[in-house]
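Below is one structure, written out as structure tokens; the observations come after it.
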Amino acid sequence: MKNESNTQLKRSLGLSTVMLSVIGMVIGSGVFFKPQAVYTITGGAPGIGLLIWVFAGLITLFGGLTTAELAASIPKTGGLVSWVEKCFGQGLGYLLGWCESVVFWPANVGALGTIFSIQALKLIGVSDKYTIPFAIFMVFFLIVCNCLGANVGGMIGNVFTVAKLVPLAVIILMAFKSTQSSPENLTPFIQRGDSFIAIFATGMLTCMYAYDGWIHVGNAAGEMKNPKKDLPKAIVLGLSIVILVYAVINIGYLLVIPADQLANTATPAADVAAKLMGGNMGAKLITVGILIAVFGTLNSNIMMGMRIPYAMGVQNKLPFSKQFSYLHPKYATPVVSGIFLLAVTSIMIISGSYNSLTDMCMFVIWIFYTIAFYGVIKLRRDEPDLKRPYKTPLYPLIPILAILGGLFVVIITVLTQPVNALIGVGLTLLGVPIYLSRKDKFKDLSHLDEDSKGETGDL
């Protein structure tokens with residue numbers, strides 16, 4: 001019989017580690033490339049653009065504080081899927097897993113592969129007609145790397161995580177010290193005649209992608225030394241730092257280049273660097289730093305995306321589950337799941353742009369985020385005696401604000417991006433007949449949760 005201490009998650013993570021994980025998981029490609037979309041939506045008005053960045057962060061903060069209760073109460077492998085299943089049953093949990101397999105992770109990987117390709121080809125002076133094939137090649141390359149062993153993929157992620165902060169720090173320091181900075185670029189708040197509500201709503205949707213990744217920190221609740229005390233602190237401090245960084249870097253962008261010009265460039269960070277550093281060399285240096293950051297984020301997304309269909313295959317939840325659950329005999333990696341991710345991602349890359357893919361993946365995942373937010377309220381009612389190492393502060397205000405924020409994202413997507421919303425919902429609902437045909441064949445592997453160590457991802 002196993003010793004009880006060996007069947008429990010090892011509580012070794014402190015506040016600083018988890019807080020840095022929050023920062024690392026959230027900061028990705030969005031901060032470098034979403035300014036163009038945001039300032040295009042604002043019509044070149046900087047003030048409302050900055051407000052959008054801050055409020056998108058606040059919605060994210062409310063969501064993080066809410067789902068942290070689920071993470072601490074249900075410290076199972078699977079994270080969000082496990083929480084949704086606990087609160088609403090197997091069917092909804094299955095749809096989430098299906099959605100992550102065919103929409104969320106492929107769209108995420110496709111968006112990152114696309115933006116990496118655009119920036120890399122521009123850097124080396126190659127025609128943009130090669131954007132799609134190069135993006136697919138990069139995804140293929142990193143999937144191969146991850147199929148060579150978890151250590152290879154993990155090493156790539158570790159090397160490039162810190163790198164994403166370097167170009168941000170350089171731009172911030174130079175922008176605020178440069179004699180070329182123009183404080184008047186921070187006005188006006190909104191262009192005359194524009195609708196504040198319409199601009200704010202659409203801009204918020206665009207901006208949410210830059211804050212995604214926070215949900216995965218909850219997976220570490222079972223491994224924290226003091227989740228009741230440290231988890232909310234890590235979320236609040238980590239996301240507060242991210243909000244501050246995003247606000248400051250956007251002020252830095254705007255001090256150097258007016259918002260109407262940022263709206264017309266797909267490379268805002270590089271253009272700012274070029275102006276600050278006196279030409280193309282500065283732009284190229286910053287672009288290299290950005291590419292390194294995006295490369296690391298792309299790798300992390302591929303690591304996560306490969307494992308969702310594999311996990312569903314192990315539980316016999318998918319057609320061809322035997323194939324999806326196959327592990328390479330030498331490297332013990334989900335090769336078939338990697339091939340599946342490559343195939344679906346390639347379709348995403350061919351059919352969508354960076355912004356359309358990010359909007360679609362935000363729409364579908366925020367449907368389930370919002371469901372999870374309500375799950376906190378439902379679980380409080382249905383299982384009042386459930387052990388909760390951490391409880392959402394200011395309950396029920398924070399969960400309600402999180403739900404309202406989630407509904408806002410979903411509704412605005414439907415109103416402003418109906419095609420993307422329809423595609424996302426359609427692909428997700430394809431999982432319904434598959435679930436109904438296979439639900440009696442599922443394998444219950446919940447007994448393995450006690451031996452799981454839980455993992456966090458870096459988005």
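The values are calculated or read from the model by the stated rules, or taken from the named source; none is laboratory data. Please read all numbers here as calculations on a predicted model, not as lab measurements. When we count neighbours, we look across all protein chains shown, and the Cβ atoms used for this are built from the backbone with ideal geometry, even at glycine.
Which of the following residues is in a helix (DSSP H, G or I) and under 20 Å from the mean Cα position of the chain (by Cα): Leu65, Leu92?
Testing whether each residue is in a helix (DSSP H, G or I) and under 20 Å from the mean Cα position of the chain (by Cα) leaves just Leu65.
Can you find even one residue in segment 385-405 that is within 18 Å of the chain's Cα centre (by Cα) and within 19 Å of Ala111 (Cβ to Cβ)?
Taking every residue of segment 385-405 in turn, none turns out to be within 18 Å of the chain's Cα centre (by Cα) and within 19 Å of Ala111 (Cβ to Cβ).
Restricted to segment 68-81, and to residues that are assigned to a helix (DSSP H, G or I) and in contact (Cβ under 8 Å) with a residue 60 or more places away in the chain, which residue is nearest to Gly431 (Cα to Cα)?
Leu80
Does any residue of segment 347-354 turn out to be modelled with pLDDT under 90 and in a helix (DSSP H, G or I)?
yes
Does Gly278 count as of a type in the set (Gly, Ala, Ser) and either crowded, with 18+ Cβ neighbours inside 10 Å or within 24 Å of Ile136 (Cα to Cα) (or both)?
Judged against the criteria, Gly278 is not a match.
Determine, yes or no, whether Ile136 is closer than 30 Å to Lys284 by Cβ, more than 19 Å from the chain's Cα centre (by Cα), in contact (Cβ under 8 Å) with a residue 40 or more places away in the chain and surrounded by fewer than 17 Cβ atoms within 10 Å (Cβ to Cβ).
no
For Val126, which of the numbered conditions (1) in a helix (DSSP H, G or I); (2) over 19 Å from the mean Cα position of the chain (by Cα); (3) surrounded by fewer than 22 Cβ atoms within 10 Å (Cβ to Cβ); (4) not aromatic (Phe, Trp, Tyr) fails to hold?
Single failed check for Val126: (1).
From the list Leu318, Leu254, Leu298, Leu239, which residue is touching a residue at least 40 places away in the same chain (Cβ under 8 Å), in a helix (DSSP H, G or I) and over 18 Å from the mean Cα position of the chain (by Cα)?
When all the criteria are applied, what remains is Leu254.
Could you run through segment 345-356 and say how many residues are hydrophobic (A, V, I, L, M, F, W, C) and surrounded by 20 or more Cβ atoms within 10 Å (Cβ to Cβ)?
Going through segment 345-356 one residue at a time, the tally reaches 2.
Identify all residues within segment 234-254 that are in contact with a helix residue (DSSP H, G or I) (Cβ under 6 Å, 6 or more places away or on another chain) and more than 16 Å from Trp53 (Cα to Cα); write none if there are none.
Ala234, Ile235, Leu237
Going through segment 37-50 one residue at a time, which ones are under 14 Å from Thr265 (Cβ atoms), at pLDDT 90 or above and either in a loop (DSSP other than H, G, I, E, B) or in contact with a helix residue (DSSP H, G or I) (Cβ under 6 Å, 6 or more places away or on another chain) (or both)?
Scanning segment 37-50 gives Val38, Tyr39.
If Val335 passes every condition in (1) closer than 30 Å to Lys177 by Cβ; (2) touching a His at 6+ places or on another chain (Cβ under 8 Å) but one, which one does it miss?
Of the numbered conditions (1) closer than 30 Å to Lys177 by Cβ; (2) touching a His at 6+ places or on another chain (Cβ under 8 Å), the odd one out for Val335 is (1).
For Ser117, are the conditions met, namely being at pLDDT 85 or above, surrounded by fewer than 15 Cβ atoms within 10 Å (Cβ to Cβ) and closer than 27 Å to Val272 by Cβ?
No, not satisfied.
Could you pull out the residue among Gly79, Gly63, Gly43, Gly24 that is of a type in the set (Gly, Ala, Ser), under 22 Å from Ile412 (Cα atoms) and crowded, with 24+ Cβ neighbours inside 10 Å?
Result of the check over Gly79, Gly63, Gly43, Gly24: Gly63.
Take segment 289-313 and flag every residue that is at pLDDT 85 or above and more than 19 Å from Ala107 (Cβ to Cβ).
Answer for segment 289-313, where residues must be at pLDDT 85 or above and more than 19 Å from Ala107 (Cβ to Cβ): Leu291, Gly313.
Regarding Asn316, is this residue surrounded by fewer than 23 Cβ atoms within 10 Å (Cβ to Cβ) and modelled with pLDDT of 85 or more?
For Asn316, the condition - surrounded by fewer than 23 Cβ atoms within 10 Å (Cβ to Cβ) and modelled with pLDDT of 85 or more - is met.
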